[in-house]
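Q: Mind having a look at this structure? Questions to follow.
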Amino acid sequence: MDERTVAEIAAWAVLAVNAPAGVFAAWRWWLVAPVRAVWPLLRAGQAVAVGQALVAGGLFAAGFDPADGLYWLYALLPVAIGLIAEQLRLVSAEQVLENRELADATAVGALPETEQRSVVLAIVRREVGVMALAALVVAFLALRAALIA
């Protein structure tokens, strides 16, 4: 198996995991019905993206010369996208609390149960939306990497 084939397989693998994960997460976000099954799919997408970056590093060390130099960007950028998405996900709770003029989690605990559920749903929905978008961007980058490797 030559280096180009290895690069393409890694990119297609990232696309194959991130596209369905992103679509499923986006669909659950749209329905305002997040489920736990979203998170393992999104985490698998991140793991495969890290795997692709490691493969790209190995190919670079082996002297691989892709058809287009943008391959390196498309192969490595998904890891950065994942890191940025995680940072945005962490800020989601703060943003929701600030929008509802709640000081912290203790203030949420003082709300009636229905309002507590509403706050938690808003936080989780925002987190799922951010991660779904990231997975879809990563899938697009993987497609580009596969096509120009």
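Q: Select from segment 28-60 the residues that are surrounded by 13 or more Cβ atoms within 10 Å (Cβ to Cβ), of a type in the set (V, I, T) and either modelled with pLDDT under 95 or under 15 Å from the mean Cα position of the chain (by Cα) (or both) and list them in ascending order.
A: Listed by number, the residues that qualify are V38, V48, V50.
Q: Next up: Name the pairs whose Cβ atoms lie under 6 Å apart, with the first residue in segment 95-115 and under 20 Å from E127 (Cβ atoms), the second among the β-branched types (V, I, T) and surrounded by 10 or more Cβ atoms within 10 Å (Cβ to Cβ), and 6 or more positions between them or separate chains?
A: Close Cβ pairs (under 6 Å, with a partner that is among the β-branched types (V, I, T) and surrounded by 10 or more Cβ atoms within 10 Å (Cβ to Cβ)) amount to V96/I123; L102/V108; V108/V119.
Q: If the Cβ limit is 8 Å and pairs must be 6+ apart or interchain, which residue in segment 47-75 that is among the polar types (S, T, N, Q) pairs with which residue that is surrounded by 13 or more Cβ atoms within 10 Å (Cβ to Cβ) and in a helix (DSSP H, G or I)?
A: Q52/A10; Q52/A11; Q52/A13; Q52/V14; Q52/A75; Q52/P78; Q52/A142; Q52/A145
Q: Among R4, R36, which is the only one that is among the basic types (K, R), over 30 Å from V119 (Cα atoms) and either without any contact (Cβ under 8 Å) to a residue 40 or more places away in the chain or part of a helix (DSSP H, G or I) (or both)?
A: Of the residues listed, the single one that is among the basic types (K, R), over 30 Å from V119 (Cα atoms) and either without any contact (Cβ under 8 Å) to a residue 40 or more places away in the chain or part of a helix (DSSP H, G or I) (or both) is R4.
Matching residues to (1) touching a Phe, Trp or Tyr at 6+ places or on another chain (Cβ under 8 Å); (2) surrounded by 19 or more Cβ atoms within 10 Å (Cβ to Cβ); (3) basic (K, R); (4) closer than 19 Å to L41 by Cα:
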position: I84; (1), (2), (3), (4): no, no, no, yes
position: A93; (1), (2), (3), (4): no, yes, no, no
position: A110; (1), (2), (3), (4): no, no, no, no
position: R125; (1), (2), (3), (4): yes, yes, yes, yes
position: V137; (1), (2), (3), (4): no, no, no, yes
position: A145; (1), (2), (3), (4): yes, yes, no, no
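Q: In the set R144, R125, R89, which member is touching a Pro at 6+ places or on another chain (Cβ under 9 Å), charged (D, E, K, R) and touching a residue at least 24 places away in the same chain (Cβ under 8 Å)?
A: Unique residue meeting the criteria: R125.
Q: In addition: Can you tell me which residue within segment 61-79, out of those that are farther than 16 Å from W12 by Cβ and of a type in the set (F, W, Y), is surrounded by the most Cβ atoms within 10 Å (Cβ to Cβ)?
A: So the residue we want is F64.
Q: Does segment 47-58 include one or more residues that are farther than 21 Å from I148 by Cβ and either part of a helix (DSSP H, G or I) or β-branched (V, I, T) (or both)?
A: yes
Q: Quick one: which residue in A19, A10 is in a helix (DSSP H, G or I), under 12 Å from L136 (Cα atoms) and touching a Leu at 6+ places or on another chain (Cβ under 9 Å)?
A: Sole residue among the options that is in a helix (DSSP H, G or I), under 12 Å from L136 (Cα atoms) and touching a Leu at 6+ places or on another chain (Cβ under 9 Å): A19.
The values are calculated or read from the model by the stated rules, or taken from the named source; none is laboratory data. These numbers were taken from a predicted model, which means no experiment stands behind them. Quick reminder, even Gly has a Cβ in these numbers, built from the backbone with ideal geometry, and neighbours come from all protein chains shown.
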